[in-house]
Structures are given as structure tokens and as C-alpha cells.
1. Taking the conditions exactly as written (at pLDDT 90 or above and outside any helix (DSSP H, G or I)), does residue 53 satisfy them or not?
2. Given the conditions (1) outside the structural domain of residue 298 (by TED's automatic domain parsing); (2) part of a helix (DSSP H, G or I); (3) within 18 Å of the chain's Cα centre (by Cα); (4) surrounded by fewer than 18 Cβ atoms within 10 Å (Cβ to Cβ), and given that residue 214 satisfies all but one, which numbered condition is not satisfied?
3. Being near the ligand (Cβ under 8 Å from one of its atoms) and either hydroxyl-bearing (Ser, Thr, Tyr) or not assigned by TED's automatic domain parsing to the domain that holds residue 309 (or both) is the filter here; which residues of the range 355-382 pass it?
4. Return yes when residue 193 is more than 20 Å from the chain's Cα centre (by Cα) and either away from the ligand (no atom under 12 Å from the Cβ) or touching a residue at least 24 places away in the same chain (Cβ under 8 Å) (or both) and no when it is not.
5. For residue 9, which of the numbered conditions (1) more than 22 Å from residue 243 (Cα to Cα); (2) of a type in the set (Asp, Glu); (3) surrounded by 15 or more Cβ atoms within 10 Å (Cβ to Cβ) fails to hold?
6. Scan (1) surrounded by fewer than 16 Cβ atoms within 10 Å (Cβ to Cβ); (2) assigned to a helix (DSSP H, G or I) for the single condition residue 124 breaks and write down its number.
7. Filter the range 117-127 down to residues that are more than 6 Å from the ligand (Cβ to nearest atom) and touching a residue at least 12 places away in the same chain (Cβ under 8 Å) and give me whichever is farthest from residue 352 (Cα to Cα).
8. Would you check if residue 184 is assigned to a loop (DSSP other than H, G, I, E, B) and of a type outside the set (Phe, Trp, Tyr)?
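The values are calculated or read from the model by the stated rules, or taken from the named source; none is laboratory data. Quick caveat, the model's predicted, so the values are computed rather than measured. Because the Cβ atoms are built from the backbone with ideal geometry, glycine has one as well, and the counts that use them run over all protein chains shown.
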Amino acid sequence: MDFGFSAQDEAFRAEARAWLSEHAEGGQDRRVWERTLGKAGWIGLGWGESGYGNRSATLTQQVVWAEEYARSGAPPRSGHIGEKLLAPTLLAHGTESQKSRFLPPVAAGDELWCQGYSEPGAGSDLAGVRTAAVREGAGYRITGQKIWTSLAHDADWCFVLARTEPGSRRHHGLSFLLVPMDQPGRIEVRPIRQLTGTSDFNEVFFDGARARVEHVVGGEGGGWKVAMSLLGFERGVSTLAQQIGFAEELERVVRAAVASGAVRDAVVRERLVRQWAELRAMRWNALRTLGSSGNAGASSVAKLLWGGWHQRLGELAMQVRGPAAGVGPVDWSPATPYELDSLQHLFLFSRADTIYGGSDQVQRTIIAERVLGLPREPKGVV
Ligand SMILES: Cc1cc2nc3c(=O)[nH]c(=O)nc-3n(C[C@H](O)[C@H](O)[C@H](O)COP(=O)(O)OP(=O)(O)OC[C@H]3O[C@@H](n4cnc5c(N)ncnc54)[C@H](O)[C@@H]3O)c2cc1C
């Protein structure tokens, strides 16, 4: 199998690298950065021939862009929920007027989105959603609570999974609504402070918030199908870019092991080599499955591998530091609000890796049922 990049891909890489080295700076304002990306045509590369994206790039060129982005030190994206989750969902299930209203501002980096799925009583078991959207005049009136809503504090819009059929159960009677966030008194966003000292996600309270009838995607009652289809877009090209970031973190841990002398310990050396070998295996696996959607269990296997790998890397980072791991930061920067350096941040944030995007236990159930064909998990036992 040839994993090489063509001459056109390499020309594309040179263009991406040159642009990023001229424009990317670590600490710049995220919203301004999204608009800069949009203006230069770097958002919506994977939207194909829809006509709504910017330049149209092949799958390998999307990988090249993601790799160069990860290498460049550019700020983390705050537009990825709109670009990578909402946009493909609208392309698949939206009406023409929904596409023409919502896709251009995402491609321009003008409107940011957040994902309103999880609730205090509905996480792994998403069909337990209780937030209600009641028909009222030309729209819906939404009441309920979402939680763990990443970037809601910056978002202009939220896609909300809500119950539009009163008294309905499980995945029936749900709808996928596009809700504007700027509704003072009707939507309240409360940040959740994390172990790392940052607040990347929030609680979102809807108290009579409004959504328009024409902003229901997939029709009233068709929300479950749309919501599940969106989850299928969560991974893909971005997995390869993520691995570039992982490789850099692993190098940092190796450097820390050399600096502290921990590298002389045979167990530490063995663990470092194991991390390296597993990362290579994950890369080949990601390349092998690139572009093959619908491969039962492939995304669950990938999630299970990288979530655990990253968490072990965080633990190893603390081990190689020894007692110094618990004290002051080595490379503290103002971007981390309290005194955590990048390896301490890695250790703490990677605790979440086996939870979001579907927890390890849930992935194992999917693999057991859909790949191994084991009997289905009895419902209502856990
Ligand atoms: C960093 C981060 C960002 C997030 N961003 C968003 C976001 O933007 N929008 C959004 O909607 N949500 C978001 N989430 C929420 C995320 O989707 C949920 O945390 C996840 O679905 C798990 O749900 P829960 O937290 O309610 O845990 P629960 O579902 O209550 O699970 C608790 C524990 O029980 C286990 N468990 C649950 N059911 C089973 C079962 N059937 N069999 C075996 N074990 C089981 C789980 O694996 C877990 O260990 C985010 C979460 C994190 C950590």
C-alpha cells in the first residue's frame, strides 16, 4: 500500500506551510484568527463540490493541511465545531435554505458553534435527553439544561437536541434545532472550572429560549438520526493531525526523561519505546481507514487506542519528572491561568480523553456488539 503524497500534495503542503509560517502566532485572539483563516480560504476544505466551502481539497490534501496546522504552533481552532461537525451534517440533512444561511458564515470564520447534546441525566445514554422544545407560534420555546458544552461562552449558535414531542421516550420525539445564543434572560452560560484551571466547557440553561421552525434540521421528530449522523463526523482526517501533536508531546516527555535522568531506568525506557511504537501503529491504522466511512467499529477502535495512549503519556510525563512533577512549572506561559507547565497540563487534561467523544466503556460495548457480534447489553441493568 502506498501512503506517499503526490507532487500536487507536496505543492499544496508548501503553500500551506508558507501561509501558516507567515500568519500563525500562538497567542492571537481566536475570533480574529478564525476570520483570517476564512478570508484566506482555509475553512471548509472537506466540503467537496457543495459550492459552500472555500478551496476544494482532496482527502490527502486535507490531511496535509491538518498536519501542517498541527506543526505550525497556530492557536487551537474555535471554529471546528461548526466546520467539522455542523457543516457536514447540514450538507447531508439540511434544506437548501439552511445550507445557504449557515454554511457561508462558518466558511468565513464569522459564526462559531457549540454542541448542545449532553445533560446532567443524559451523557453516554444520550436518548435520556429531557430538554423540551414546545411549538409556539412560528417557532419553539426551549426549556432545560445542557452540560459540558465546549466553547458555549464564545459561540454564536448552538445545535440543540431537544424533545419536541411531549411524553415521548428514548430516541423518539427528538429534534435537532439550531438556536442563536444571544438571548439574554433566556439563555445563561455558566463556565465550569477544570482541574487545569481553564474553563473550556460550560453549563447552559435554557429558560424559554426561542428557535425558528425553519431551523429544525431533518424535520420535527427526526433529531436522533441527525444527531447520530453528526457523531459519525467527529473523527477522520483530524485523527492524523492529532497524532502530529501527540508525536511532539512524546518528544517533550523524552526530553524531560533525559533532563531528569529517568531515562536511565530500564522500565521508563521500555514505556517510552512502547508509546513510540503504539503511536506508529495508530498512524498506520488511521491511514488505512482514512476515507472509509461505515467501517463498523473502526472509529471506536481508534478512539479506544488514542484515549488510553494519551492518558498513559500524561502519567509517564509525571513519572519521568519524579518529585519535581508536583511542584513548580518548567515552561509556564500566561496562556495557562495558573501555574501549570505543558506536561502538567497534559497529565491533567488527558484524564478527559477516555470520557468525551464516547467513553472507553461505551466504545467497548460498541465493539462487542457490532464487531464481535456478542449478545446485546441488557437494557436497564446498569
Ligand atoms: C472535555 C470534554 C468536552 C465535552 N464537550 C461536550 C460538548 O461540547 N457538548 C456535549 O454535548 N457534551 C460534551 N461533553 C460531554 C461528553 O459527551 C460526556 O461526558 C460523555 O458522553 C459521557 O457522559 P457523562 O459525562 O454523563 O457520563 P456517564 O454517561 O454518566 O458515565 C459515567 C461512567 O459510567 C460509564 N458508563 C455509562 N454507561 C455505561 C454502560 N452502558 N456500560 C458501561 N459503562 C457505562 C461511563 O463509561 C463512565 O465511566 C464533553 C466532555 C468532556 C470530558
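1. Details: at pLDDT 90 or above: no; outside any helix (DSSP H, G or I): yes.
Taking the combined requirement at face value, the residue does not satisfy it.
2. Going through the list (1) outside the structural domain of residue 298 (by TED's automatic domain parsing); (2) part of a helix (DSSP H, G or I); (3) within 18 Å of the chain's Cα centre (by Cα); (4) surrounded by fewer than 18 Cβ atoms within 10 Å (Cβ to Cβ), residue 214 breaks only (3).
3. If the condition is that a residue be near the ligand (Cβ under 8 Å from one of its atoms) and either hydroxyl-bearing (Ser, Thr, Tyr) or not assigned by TED's automatic domain parsing to the domain that holds residue 309 (or both), then 356, 359, 365, 377, 382 are the ones that fit.
4. no
5. So residue 9 meets the others, but not (1).
6. (2)
7. Per the criteria, the residue is 127.
8. In short, yes.
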